[in-house]
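The values are calculated or read from the model by the stated rules, or taken from the named source; none is laboratory data. Source: prediction; values computed, not measured. Here the Cβ positions follow ideal geometry from the backbone for every residue, glycine too, while neighbour counts run over all protein chains shown. These accessible areas exclude ligands, DNA and RNA; they are computed on the full protein's heavy atoms, side chains included. Shrake-Rupley method; radii C 1.70, N 1.55, O 1.52, S 1.80 Å.
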Amino acid sequence: MTIAFQGAGSSSQVHETMDGQLAGTVFKFILSDNFPDQRVSRDKEIVDLALLTFLSHFRKKYLGETQLSATSNVFKKLKEVSNLNDHLMIYSIVLNRVIGNCKIWVKNEEVVKRSLQLFFEFCSSYSCSKSLTQLDLTKYVLQNHSSYELFPFLLERAFGRQRTTFYQSLMKLILVDDKVMKFDVFVAPFSQNFQQLMSIPPNMWQNNAKQMLIGIFRDIRGILQAALTSRAYMMVFDWLHPQYIPLFLTTCETFYSNSEIVNILLKCLEELSHNRQQRISFEASSPNGILLFRIISKILFTYSNGILSTPIQNNIYKERYKGMSVCFRIFAYCLQGGYVNFGIFDLYGDPALMNAQRAIINLCLGVSLDDCLNYPKLSLAFFQMLEAFSKTYPNILIGIEANIFIQIFQRVERGLNSVSEQVSSLSASIIDNLASFCYKQISTESLQSQYISNIINEHPELFPTLMALILNLIVYEDMTNHWSLSRPLFVLVLLNEKYFEQLQQQFISRHSPSTQAKYRTVWEGIMSGVERNLESSNRDKFSQNISTFLTSIKQIS
């Protein structure tokens, strides 16, 4: 079945009438389709998937923010053919279709997935979701969202991601009009499940309890994904904290080695910690940011200690690296979120920050040198976290044991060579953050300065090696992130200008005597107009000189 709507730029009456005729024919067919029959076949699957495609395109063209008027030629013809009198009848058809598909196609992942995706599209449009909330059927769905009879796919493990999307859609409906259902009424079934689990000792949790936990964390994650405003986020946070949030920690303590459960828990916690669209804005007098980080710290610490001592059975990514990736993202979100006053922890001797940092460092060391680049999702999360860590707390990374610091630096060095430009740029930023901290501290007489001097004395090759690597990447490799690579290079040059001059001489000596004078002039231009400080304008001048340098090198060659 193919329905071709008119192009966005066409508005002729002929095309509108044709679209109305086609759409009316399809809606008439949908109304005649016999769901109670519940017979599934390959032919019916093809038809149902085609109908979902039609409904999706019809929404994009004629519903939502571009909703057609009752006087349009499309609607007139549609009404004539299918006897649909208003928009709400169309929305009712769509919602009935979604519910019906979720019932009869519970064993067909593609149809259920596409149906819930269509529902999500309608709920994501403000005008569509506003119209949906006017339906009695929508209220019925919200009142019975946890009904396995109405939505049997909730019992199927294969639809884990789909149930997250489903609850994200339902939460959008509640947020667009809370008159359709109050939030506390909506989450009442989850509260009952929480209370049931909390009444049973964790060592007595059986398979039903495990599946309940997986379902709850998936559903809450979907609810949080829809909570994009401060008001919406606070509704969810106030519901979870302090009554139910301890169950997150209990679950981690009990199932840290069960990747199926703990990975879902961590993803839910990731969403709770993510300050997307600045939705987490606790009041200045509120302790909520500190309380949230405390529970996050305990879970990170528990997971780190448990997972690193658990032998790998079959799949290292699924059993270990997947959860570790989420932990890296959680910690980065906490550092970047702006909702935690980290100074409080040191001031009052609270170990939460120190424990979280220790857990993350241990997890970093749990990623082998090769694997930190072999798994793209792990690699990105790893370097994003280190970039946030090195920007917020370079003193912590510099202050750890020398052998641990070197191991972390080795991973960052590997990251510079990554085929992923994003990972390479993140690695450059990490080096820039740490080298800048060293440069600022090295001229002082602080304990940090002494520690940095000791590291440099014990590992004199550390910064020169990085300088040579970055220069080679800029000059010889086909890299497109020269600007990002130039930032740490500048600081490394300031830390050791003599070695920079040696690299310059090595480069020039590789070329014929007739061109060496030209190359020397080009190299000298790198530091032209650059002062020996870390001011932003000075950094920018150096980066501009690097761009000019590369252009000149190509011209000479």
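Could you tell me the calculated FRET efficiency between ILE406 and GLU45, based on Cβ-Cβ distance and R0 = 56 angstrom, to the nearest 0.05?
Result of the calculation: an efficiency of 0.45.
Hey, quick one: spin label on THR310, modelled 7 Å out along Cα-Cβ, who in region 240-276 has an amide N within reach, i.e. under 16 Å?
Residues passing the 16 Å test: 248-269.
If you line up the long axis of helix 322-337 against the longest principal axis of the chain, both from Cα atoms, how many degrees apart are they, to the nearest 10?
Once rounded, one gets 80 degrees.
If one takes the longest principal axis of the Cα atoms in the chain, at what angle in degrees, from 0 to 90 and to the nearest 10, does the Cα axis of helix 376-392 lie?
So the inclination is approximately 60 degrees.
Enter the Cα centre distance for the pair region 506-557 and region 375-401, rounded to the nearest angstrom.
31 Å
Excluding residues fewer than 8 places away in the same chain, name every one of the aspartates and glutamates whose C-alpha is closer than 13 Å to that of LYS541.
Straight-distance partners of LYS541: GLU531.
How big is the shadow of the Cα convex hull of the chain, averaged over all directions, in nm²?
33.6 nm²
Place a +1 charge on the Cβ of each Lys and Arg in the chain and a -1 charge on the Cβ of each Asp and Glu, then give the dipole magnitude about the Cα centre in debye, rounded to the nearest 20.
980 debye
If I compute solvent accessible area with a 1.4 Å probe over the protein chains, what percent of it on the chain is carbon and sulfur? Intermediate results must be reported in sequence, preceding the final value.
Numbers: 12620 of 25540 Å².
Reported share for carbon and sulfur atoms: 49 percent.
Hey, which aspartates and glutamates would be in cross-link range of LYS179, C-alpha to C-alpha under 18 Å, not counting anything within fewer than 8 residues on its own chain?
ASP136
So how much slack lies between SER286 and LEU155, counting 0.36 nm per residue of separation and subtracting their Cα-Cα distance, in nm?
Full extension of this stretch gives 43.2 nm more.
If you fit an axis through the alpha-carbon atoms of helix 536-556 and take the longest principal axis of the Cα set of the chain, what angle between them do you get, 0 to 90°, nearest 10?
Helix 536-556 sits roughly 80 degrees off the main axis of the chain.
Listed here are the pairs LYS298/LYS377; LYS113/LYS182; LYS130/LYS318; LYS391/LYS518; LYS322/LYS440; LYS79/LYS103; which of them are more than 32 Å apart at the Cα? If you can, show how the numbers build up before the last one.
Working: LYS298/LYS377 24 Å; LYS113/LYS182 27 Å; LYS130/LYS318 40 Å; LYS391/LYS518 39 Å; LYS322/LYS440 37 Å; LYS79/LYS103 29 Å.
The pairs that break the limit, which is 32 Å between Cα atoms, are LYS130/LYS318; LYS391/LYS518; LYS322/LYS440.
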